Amino acid sequence: MTRAILSNLGRAALDAFLPRTCVLCGELISSGPYRASSPDAEGGRGRPACSASPLCRACAESLVPISGPRCRCCGSPLISELATCMRCRGRDWAFDAAYPLFLYDGAFKRLLSAYKFGGRRSLAAFFAERFAESLQDLWPGRPLVPVPPRPGKLAERGWDQVEEIARSLERRGFDIVRILERRSPAQQKRLGRAARLENARSAYNVRERAAVPPELVLIDDVVTTCATAQACAAALRAAGARSVSVLALAAD
Ligand SMILES: [Zn+2]
Ligand SMILES: [Zn+2]
């Protein structure tokens, strides 16, 4: 094959011909297609949760989902007997509940990093599968609102990690409503927590004339301070949503 033809083939197409290696450890993957933890799990709307795994069995098993008692507000693991964590006590979040799937740590952190910064865009399908499993259990049938990227990001990088997962979910039949937009280009990462909460509050709004379903699930990659979830949920509530829940890949 000539270099020109090769360059025209996307990474996804090449993956179909080349032996698959684990995204995390580089080991050759010899097992069959990845299956969700439950053999009966469906990949959303009746499609099987089955796709080529990006991980070897050992690495897949090293991803530890959050389990046990969780804060009823932000979904982070609890160490005390109380129903809410320190951060959420006395707070009145605009979202009903947040549900992160994994701790942003160890193998999961490396996996997300390979996706966001390492060019492993095809991992979107793997993350979408994890979302699909939880959505079936937690909020079946609810339309999903992806947290939008900062303005200019799509033009600069060509893709956005949350939007890519949303597209994968859309292909599975989930209803994606892109009604949020992000106003401020300020880089939230550089701000301290207090400034971040304040800044985020006005950073998101609902598009003009958008139809807002009454019950929604906001989807994001990582929840850290819940500032983004709060800002998005507040905007959605102000625009008429009755209930906003949050599903995230991980909690930091
Ligand atoms: Zn591996
Ligand atoms: Zn909490």
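The values are calculated or read from the model by the stated rules, or taken from the named source; none is laboratory data. Fair warning: this is a prediction, and the values are worked out from it, not measured in the lab. Here the Cβ is made from the backbone with ideal geometry for all residues, glycine too, and neighbour counts use every protein chain on show.
Of all residues in segment 207-252, those satisfying the criterion of being outside any loop (DSSP other than H, G, I, E, B), out of contact with any strand residue (DSSP E or B) (no Cβ under 6 Å at 6 or more places or on another chain) and more than 30 Å from Gly106 (Cβ to Cβ) are Ala234, Arg237, Ala238. Filtered by the rule that a residue be more than 16 Å from ligand 2 (Cβ to nearest atom) and at positive phi, segment 64-116 gives a lone residue, Gly106.
Candidates Ala128, Ala107, Ala94, Ala114: the one that is outside any strand (DSSP E or B), more than 16 Å from ligand 1 (Cβ to nearest atom) and more than 21 Å from Arg242 (Cα to Cα) is Ala128. When every residue of segment 51-60 is checked against the conditions, none turns out to be among the aliphatic types (A, V, I, L, M), at pLDDT below 60, surrounded by 12 or more Cβ atoms within 10 Å (Cβ to Cβ) and within 23 Å of Ala251 (Cα to Cα). Does any residue of segment 68-84 turn out to be among the aliphatic types (A, V, I, L, M), within 16 Å of ligand 1 (Cβ to nearest atom), out of contact with any strand residue (DSSP E or B) (no Cβ under 6 Å at 6 or more places or on another chain) and modelled with pLDDT under 95? Looking for residues that are among the aliphatic types (A, V, I, L, M), within 16 Å of ligand 1 (Cβ to nearest atom), out of contact with any strand residue (DSSP E or B) (no Cβ under 6 Å at 6 or more places or on another chain) and modelled with pLDDT under 95, one finds none in segment 68-84, hence no.
Whenever a residue of segment 95-110 is within 17 Å of Cys74 (Cβ to Cβ), it has no partner that is among the basic types (Lys, Arg) and in a strand (DSSP E or B) lying with C-beta atoms less than 7 angstrom away and at least six residues away or across chains.
Here is a yes/no grid of residues against (1) under 23 Å from Ser243 (Cβ atoms); (2) part of a helix (DSSP H, G or I); (3) modelled with pLDDT of 95 or more:
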site: Leu135; (1), (2), (3): yes, yes, yes
site: Pro149; (1), (2), (3): no, no, no
site: Trp159; (1), (2), (3): no, no, no
site: Arg167; (1), (2), (3): no, yes, yes
site: Ala194; (1), (2), (3): no, yes, no
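Right, Leu138: out of contact with any Ser or Thr (no Cβ under 7 Å at 6 or more places or on another chain) and within 23 Å of Cys71 (Cα to Cα) or not? Criteria met by Leu138.
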